1. Among (1) surrounded by 20 or more Cβ atoms within 10 Å (Cβ to Cβ); (2) at pLDDT below 95, where does TYR131 come up short?
2. Looking only at the stretch 82-89, decide whether some residue is farther than 26 Å from TRP241 by Cβ, part of a helix (DSSP H, G or I), in the same structural domain as ASN314 (by TED's automatic domain parsing) and at pLDDT 95 or above.
3. Can you pull out every residue in the stretch 151-172 that is touching a helix residue (DSSP H, G or I) at 6+ places or on another chain (Cβ under 8 Å) and either exposed (fewer than 15 other Cβ atoms within 10 Å of the Cβ) or without any contact (Cβ under 8 Å) to a residue 60 or more places away in the chain (or both)?
4. How many residues are more than 10 Å from PRO235 (Cα to Cα) and either part of a helix (DSSP H, G or I) or over 35 Å from the mean Cα position of the chain (by Cα) (or both) if we restrict to the stretch 149-173?
5. I'd like the full set of residues that are under 24 Å from the mean Cα position of the chain (by Cα) and not hydroxyl-bearing (Ser, Thr, Tyr), limited to the stretch 226-248.
6. I'd like the full set of residues that are among the aliphatic types (A, V, I, L, M), at pLDDT 95 or above and surrounded by fewer than 18 Cβ atoms within 10 Å (Cβ to Cβ), limited to the stretch 259-281.
7. Among the residues of the stretch 84-97, which ones are over 22 Å from ASP308 (Cα atoms) and surrounded by 14 or more Cβ atoms within 10 Å (Cβ to Cβ)?
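The values are calculated or read from the model by the stated rules, or taken from the named source; none is laboratory data. All figures in this text were calculated on a predicted structure; none of them were measured in a lab. Methodologically, a virtual Cβ is constructed for each residue, glycine included, from the backbone with ideal geometry; neighbour enumeration extends over all protein chains shown.
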Amino acid sequence: MRFSTTRTRAAIAVLAIGLIAVGCGGSSGGATSAPAATSAPAATSAPAATSDAAPATAAPDQAKEPVDIAVNAWVGYRADAAVVAYLLKNELGYEVNLSDLAEDVSWAGFENGSVDVILENWGHPDFEKKYIDEMKVAMNAGSTGNEGVIFWGVPKWMVDQYPDITDYKNLNKYADLFKTSESGDLGQFLGTDPSYIQYDEALIKNLGLNFKVVFSGSETATVQAIKTATEQKKPLLAYWWDPHWLNSQAEMVQVKLPPYTAGCDADKEKVACDYPVTDLNKIIGTDFNANGGDAATFIKNFKWTNADQNEVANDITNNGMSDDEAAKKWVDAHPDVWKAWIP
C-alpha cells in the first residue's frame with residue numbers, strides 16, 4: 001500500500017479551490033463536493049507512525065486503499081492469505097492484491113512500496129536488521145499464533161526398521177540406502193526450494209556427513225516424495241516442517257541434530273546445529289501501519305493455530321477447493337475465532 005505526500009498535497013489543493021468557490025458566492029457543485037470545512041484540519045497531515053502495540057486509525061474521510069499482501073511459496077502461507085483476504089474483502093470492504101513472491105522479494109517490497117504485509121515470517125534476522133532496524137520501512141506486527149519447526153525427517157517406517165537412524169551421528173552408517181542417480185556415491189538429502197530458510201549443505205559439510213543436497217524445487221515435489229517414500233517404503237531423508245497438513249497423513253520423524261542455541265546459526269558457513277523453533281510472526285510496512293486504518297489493525301489482530309492453518313491448507317490441496325472456498329468454509333465454521341480480529 002502506498003500513501004504519498006503528492007496525494008496529500010493534491011487533496012489539500014482540491015479543498016482550497018472548493019473553499020474559494022464558497023467564499024465567492026458560488027452555490028454549484030464545487031461547494032457541495034468539497035469536504036466540510038470542519039474536516040479540513042484532519043486532512044492536512046497523515047497520522048504519525050505508531051509503535052508495534054499502538055492501533056492504526058485512518059482519518060474518517062480517508063478512502064480505503066487496496067491492501068498489498070505478499071504470498072510466499074508454501075500452502076500454509078496460502079491458507080493464511082486466503083482467510084485474511086476473504087475477511088478484509090467481505091467484512092471490512094477492502095480491495096486486496098495478493099502477489100506470489102519469494103521471501104527476499106517480499107521484504108524488498110517494503111522499501112519500494114509494493115508490499116504492505118508479510119503474513120508468515122519464519123525468521124530472517126538479516127532482513128529484519130535491514131528493513132526494520134536500519135531502514136525503518138517495516139515492523140513486527142505480532143505473532144500469527146503458529147509455531148514453526150524446520151527439521152530433518154525420515155518416514156516412520158524407517159525408524160521402525162532402523163531405530164538408531166534418528167541420531168545424526170548414525171546417518172553415515174545408512175548413507176548407501178539414500179543413494180540416487182542425482183547424488184552419485186553419496187546419500188541424497190532432499191532439499192525443497194533453495195529460497196527457503198535452509199543451510200543444509202553447510203550442516204552436512206560441518207557435521208561430516210556423506211550426503212549431497214538435491215533440491216526438489218518446490219513444496220509440491222517434496223510432498224510427493226514423502227508420500228511415495230511412505231507408501232512404497234523408499235528411503236528418504238528430507239528437509240521438512242510443521243505446521244503442514246501432510247503431517248497427519250504421512251508421519252516424518254525428526255532426526256536429532258546438535259541442539260539449537262542462540263546464535264549457533266549466525267554464521268551460515270560454520271553452522272553445525274539444528275534449526276530453531278520459531279514463533280511465526282507478521283511483518284507490515286510502517287507506512288501501512290500509520291495509514292492503513294482498520295486493515296492494519298485487523299492484520300495485527302490476526303492470530304490462529306497450526307490446526308486452523310492445516311484445515312484450510314488441506315481443503316486447498318486435497319479437497320478441490322479454491323482459496324476463497326476454503327477460506328469461506330473455515331470462516332463459516334469458526335466465527336468465535338475471527339470475530340475477535342475485526343476492529
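1. Exception for TYR131: condition (2).
2. Checked the stretch 82-89: at least one residue is farther than 26 Å from TRP241 by Cβ, part of a helix (DSSP H, G or I), in the same structural domain as ASN314 (by TED's automatic domain parsing) and at pLDDT 95 or above.
3. LYS156, TYR162, ASP164, ASN170, listed by residue number.
4. 15
5. Within the stretch 226-248, ILE226, ALA238, TRP240, TRP241, ASP242, PRO243, HIS244, TRP245, LEU246, ASN247 meet the criteria.
6. ALA272
7. TYR94, ASN97 - these are the residues of the stretch 84-97 that are over 22 Å from ASP308 (Cα atoms) and surrounded by 14 or more Cβ atoms within 10 Å (Cβ to Cβ).
Rundown of residues vs (1) part of a helix (DSSP H, G or I); (2) in the same structural domain as HIS244 (by TED's automatic domain parsing); (3) over 19 Å from the mean Cα position of the chain (by Cα); (4) in contact (Cβ under 8 Å) with a residue 12 or more places away in the chain, yes/no style:
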position	(1), (2), (3), (4)
ALA295	yes, yes, no, yes
PHE298	yes, yes, no, yes
GLU311	yes, yes, no, yes
GLY320	no, yes, yes, no
ALA326	yes, yes, no, yes
VAL331	yes, yes, yes, yes
ALA340	yes, yes, yes, yes
